[in-house]
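Contents: one structure, followed by commentary.
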Amino acid sequence: KKFTLTVDAYQIKVKDRIVLTGLFDTGDEQIGSILQGLNVGAAQFYTNAVDTRTKGVDVIATYGTNFGQRKFNVTLAGNFNNMDVLAVHTTPQLAGKEEVYFGVRERYFLLASAPDHKINLSLDYSINRFNLFARVTRFSGLKLIDFNFDETMPDIYDARHTVDLTLGFKVSDNFNIAIGAANLLDTYPSIQD
């Protein structure tokens, strides 16, 4: 009665997902003259170009107990993901240019939108009218490619942990006062050069 465990697995396929293309410049034999005519050096645009599949699992474990006027709850929750790009669809005019249409930099950014994992541990303790809530969250690391477009030199963002803390006081059955801090330890992502 005090412990619950929930596991949800999922697979999501998205067809013709909207993505930002890579850079097309005036040197492109198909659209370079169009860009020159518009007095534009390079262009990117949004397009429905990519089919993706995301597989994942959500796991939530909770435990709660009471000691007279005291209540204690703990929750451990995790989300684990893996996204794959299944296909890239260009416009007929840009067929054969899939590596520019959905370039390496944009691919890394799309895949980073579904990080490998996020895990949090929450503790909730109350006694009489007072409440303390604390949460530690782990965000997985990720890799991105900057404008050097070099996969051998990715920007690596290490996994990070954040701490949230809230103190509350129950004034009445319908009114609660709370003060808290999100990211109490002021954690930042890895610094990139």
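Can you pull out the chymotrypsin sites (Phe, Trp or Tyr not before Pro) in the stretch 46-117 that DSSP calls coil and that have at most 16 other Cβ atoms within 10 Å?
none
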V74-K143 FRET efficiency (beta carbon distance; Förster radius 30 Å; 0.05 resolution): 0.35
Only Lys, Arg, Asp and Glu count, each charged at its Cβ (+1, +1, -1, -1), so figure out the dipole size of the stretch 97-193 about its Cα centre, rounded to 20 debye. 560 debye
Assuming 0.36 nm per residue, please report the length gained on full extension of the stretch F169 to V14 beyond their Cα-Cα distance. 51.3 nm
Virtual paramagnetic centre 7 Å along Cα→Cβ of S113, amide N under 17 Å, in the stretch 34-59: 44-56
Report the one residue of T162, F109, N176 whose Cα lies farthest in the direction of the positive end of the charge dipole of the stretch 79-178 (charges on C-beta: Lys and Arg +1, Asp and Glu -1; origin at the Cα centre). N176
Which distance in nm do the two modelled labels at A159 and S33 give, with both placed 7 Å along the Cα-to-Cβ direction? 5.5 nm
GNM top mover of I34, I145, I156 - the chain, alpha-carbon springs below 10 Å: I34
How many angstrom separate the Cα center of the stretch 108-177 from the Cα center of the stretch 1-59? 25 Å
Using +1 on the beta carbon of Lys and Arg, -1 on that of Asp and Glu, and nothing else charged, what's the dipole of the chain about the Cα centre, debye to 20? 1480 debye
Give, rounded to the nearest 20 debye, the magnitude of the charge dipole that the stretch 1-98 has about its Cα centre when Lys and Arg contribute +1 at Cβ and Asp and Glu contribute -1 at Cβ. 1020 debye
Using the structure shown, select from K13/K118; K97/K118; K1/K143; K15/K143; K71/K143 the pairs with a Cα to Cα distance greater than 32 angstrom. K97/K118; K1/K143; K71/K143
For the chain, the longest stretch holding no trypsin sites (Lys or Arg not before Pro) located in a DSSP loop with at most 15 other Cβ atoms within 10 Å is which? 3-128
Based on the Cβ-Cβ distance of I191 and S122, what FRET efficiency does E = 1/(1 + (r/R0)^6) give at R0 = 25 Å, to the nearest 0.05? 0.30
Given the Cα-Cα distance of K1 and I60 and 0.36 nm per residue of separation, how much length would full extension add, in nm? 19.7 nm
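Bear in mind these aren't lab numbers, they're just calculated from the coordinates by the rules spelled out. On a predicted model such as this, the values are computed, not experimentally measured, just so you know. Every residue, glycine as well, gets a Cβ built from its backbone with ideal geometry; the counts of neighbours run over all protein chains shown.
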